[in-house]
Structures are given as structure tokens and as C-alpha cells.
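Supplied in C-alpha cells, the structure appears directly below.
The values are calculated or read from the model by the stated rules, or taken from the named source; none is laboratory data. Remember, it's a predicted structure, so these values are computed and weren't measured experimentally. Cβ: placed from backbone, ideal geometry, glycine included. Neighbour counts: every protein chain shown. The area values use the complete protein model at the heavy-atom level, side chains included, leaving out ligands, DNA and RNA. Shrake-Rupley method; radii C 1.70, N 1.55, O 1.52, S 1.80 Å.
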Amino acid sequence: MLDYDFPLWRPPSEGDNLIIQATLGCRFNGCTFCSMYKVKEYRARDLDAVYDDIAAAALVWPDAHRVFLADGDAYNLPTDHLAAICDRLAATFPNLQRVTAYATPFNLLGKSVAEIQFLKAKKLSLVYVGIESGSDFLLKKIKKGNAKQMHDGLARAAQAGLKVSATVITGLGGQAHWQQHMDETADLINKVPVTFLSTLQLRLADEVEDRFFDKFGEPFQWQDDAAILLEMRRLVERLDPPSPVIFRSNHASNALPLAGTLPKDKARVLAQIDHAVSMGGGLRPKWMRAL
């Protein structure tokens, strides 16, 4: 349908939606665990090129109602640039309900509350943010900024009424720091609750392993599935957000798929984890797991 510039990545929940590349690559592109976009240099695509893609998509999918703006952190684009794309999408697709994009805390802090609300009014109403951890100690090890930036970026989104779908990486602290990882991540979400919270289980592509281990700054010992289940339990047990958070661990990397709304479903989710810990059942076979 469209002549995409590959590799092309999108959140699992956007798999059935139209993807328009507003940018190529990822402006930040420094996270040590991430292998995405390493073969691309970040750049904003010209509006005319984006408009051409929108027109081409409309020829084959005129009823598209949800659009994901790729690549890595399209929310980095200037507000007027994003607004122009949203306006063209709304004019082209009469059933348009929602526009989404990846974002970093830096992207969110780069826009005022008024700008975020302005874009939200144009249906750019949800962003996907890789929190990875609420631990300042671990965020610095993986070169993902710091906990204050994470907190302040999420707080700005919340103040503007922008929905956030956030991800946390279990196993990221290894055997030495898993408790700190889960405790401080739960603390962050309890302070600035997101709309959706998902987990990914740490996996490293071959091409980033050396850098990850080098920048970690100390020997890294992997968590096995049993230890990951204890991480999940500690995270869920400590989550007590002031507003409901839709929790999922259905990404293909996870050992145990879970779903619930927290804190309402906390007891049920914990019971599922406890059953898996005691009985060893319900785990996704390792051959079915992927990044």
C-alpha cells in the first residue's frame, strides 16, 4: 500500500491500524537495550511526502479510523508540523477517531501543556512512552535520562489530559537490582498514573549486547522466568494508583500473559502470578517469545 522506509516498528495494539511515517528513525536512539532504528538516521519527513502517503492510503483504506505516526519519537516534531498532519488526516479520513505516536519524556517536556492540549483536540490523544524503570539508578545505567525527567514528562501529559500507554521492562535490573527496579517503578506510577501500563521482558538483540553490558557498569546476571514472576508480583503488589490503570503483560516477550485493571483487579492478577509460581503453568513457551 505504502512504500515504507524499513525497518518499521509499531506497538502491538496498533497492528490493525494505519501507519504513516511522519519521521524516520529515533531522535534519541541512545537506549542501550534497544536495537530499533540503529540503521537509520533521524529526520522529519517533508509534509508533502507525508501528505502523499496519506492520499495513497486513502485510496485503499478510506475507512481507516485510527492512525499511528511512526517512527521512533514522532511526538518530537514541532507542534505546528504535527497539527498539519492531524488536520490532513481528519480531512482525508471522515471516520478518524484517534492519532497516536511514540514519545519520550523529552518530547513531552519539549511541549507546553497548552500545546499538548492543542494536539489532543486534533485527535492526537495517546502516546506510547517507554518508562522502562522508575529507578534513577537503572535509568542512568541504560542511558534513558533520569527519574525526574520521567516523572515530569508523565506529569505534564497527565496535566494536559493526554493518555499515556507506558511500558516497563522486567529483568532490567538483573539479579542484583530487581527489587529496587520494581519498587521505584511502582512509586512512579503511583505518583503519576498512566492510562495503560504494559510489561516487556528483557531480551537483547545480538548487536546491542556488548554495549548494554558495558554501559551497565557491573556484571549483569540475567533473571530466569521464576525470578521474573517474582518481579511481576512485586510490581503489581505495590501498585496503588489514584486512578485506574489498565495493566497488560501480553507482549510476545513476556513469560506470563496477564490482564487487569489496577487496583481493582490486583487480587486476581496476584493469584494468577502465584499459581504460575507454585504450579509452573500458564507460561508462554520460550520458542514463542520474541522482541
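Please go through region 52-67 and pick out each residue that is open to solvent by 40 Å² or more (accessible area, probe 1.4 Å) and of a type outside the set (Val, Ile, Thr). Can you show your working first?
Initially, region 52-67 is screened for residues open to solvent by 40 Å² or more (accessible area, probe 1.4 Å), giving 52, 55, 59-63, 65-66.
If the condition is that a residue be open to solvent by 40 Å² or more (accessible area, probe 1.4 Å) and of a type outside the set (Val, Ile, Thr), then Asp52, Ala55, Leu59, Trp61, Pro62, Asp63, His65, Arg66 are the ones that fit.
Follow-up. Looking only at residues that are open to solvent by less than 60 Å² (accessible area, probe 1.4 Å) and small (Gly, Ala, Ser) in region 111-133, which one is nearest to Arg10 (Cα to Cα)?
Result: Gly130.
Another question, then. Kindly indicate whether Asp152 is closer than 30 Å to Val208 by Cα, in contact with a Gly (Cβ under 9 Å, 6 or more places away or on another chain), of a type outside the set (A, V, I, L, M, F, W, C) and open to solvent by 10 Å² or more (accessible area, probe 1.4 Å).
Spelling it out, it is not the case that Asp152 is closer than 30 Å to Val208 by Cα, in contact with a Gly (Cβ under 9 Å, 6 or more places away or on another chain), of a type outside the set (A, V, I, L, M, F, W, C) and open to solvent by 10 Å² or more (accessible area, probe 1.4 Å).
Of the residues that sit in region 1-44 and are in a loop (DSSP other than H, G, I, E, B) and open to solvent by less than 20 Å² (accessible area, probe 1.4 Å), which one is farthest from Ala84 (Cα to Cα)?
Of the residues in region 1-44, the ones in a loop (DSSP other than H, G, I, E, B) are 1-11, 15-17, 22, 25-42.
Checking which are open to solvent by less than 20 Å² (accessible area, probe 1.4 Å) leaves us with 11, 22, 25, 30-32, 37.
Numbers: Pro11: 23, Ala22: 11, Gly25: 20, Gly30: 29, Cys31: 30, Thr32: 33, Tyr37: 25 Å.
Ranking the qualifying residues of region 1-44, first place goes to Thr32.
On to the next question. As an exercise: evaluate Lys215 against (1) outside any helix (DSSP H, G or I); (2) within 29 Å of Gly110 (Cα to Cα); (3) in contact (Cβ under 8 Å) with a residue 60 or more places away in the chain and give the number of the one condition it does not meet.
Here Lys215 clears every test but (1).
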